[in-house]
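Each reported figure results from applying straightforward, stated rules to the coordinates on display, with no laboratory input. Since this is a predicted model, take the numbers as computed values, not measurements. Quick reminder, even Gly has a Cβ in these numbers, built from the backbone with ideal geometry, and neighbours come from all protein chains shown.
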Amino acid sequence: MRKLLFAASLVIVASTTAFAGSCDVTVTFPDGHPAKGIKLGGAVAGIIGSMVKNVYTDSNGKATLTWSDDSQYSSLETVFVDGDDKHTSCKNGYSVSFVVKP
């Protein structure tokens, strides 16, 4: 029984440390109000074909994109806002902001 519990705790620890990168994103309208429900995505730099899971902004116009990469220098090569490539990168631990039309 102890071996099973130990193995289960190892799996839990491994799963909580799996992601290595994050970028906070804020989206507003031109008048400065937060843009709720905007779909965000991104492509990880240096990893061909590596896209991050889409997320949506909350009522404050904020969301966090996360990705898995073993490199401490990992970053998003580009951020997508409602499917549009904004040609903006975001380093791990940094933030970016966008203004969208209503």
Partner lysines for K91 [C-alpha distance under 24 Å; skip if fewer than 8 residues away on the same chain]: K36, K39, K53, K62
About the Cα centre of region 19-99, what is the dipole size in debye to 20, counting +1 per Lys and Arg Cβ and -1 per Asp and Glu Cβ, all else neutral? 120
In nm², the average projected area of the convex hull spanned by the Cα atoms of region 19-99 is 4.8
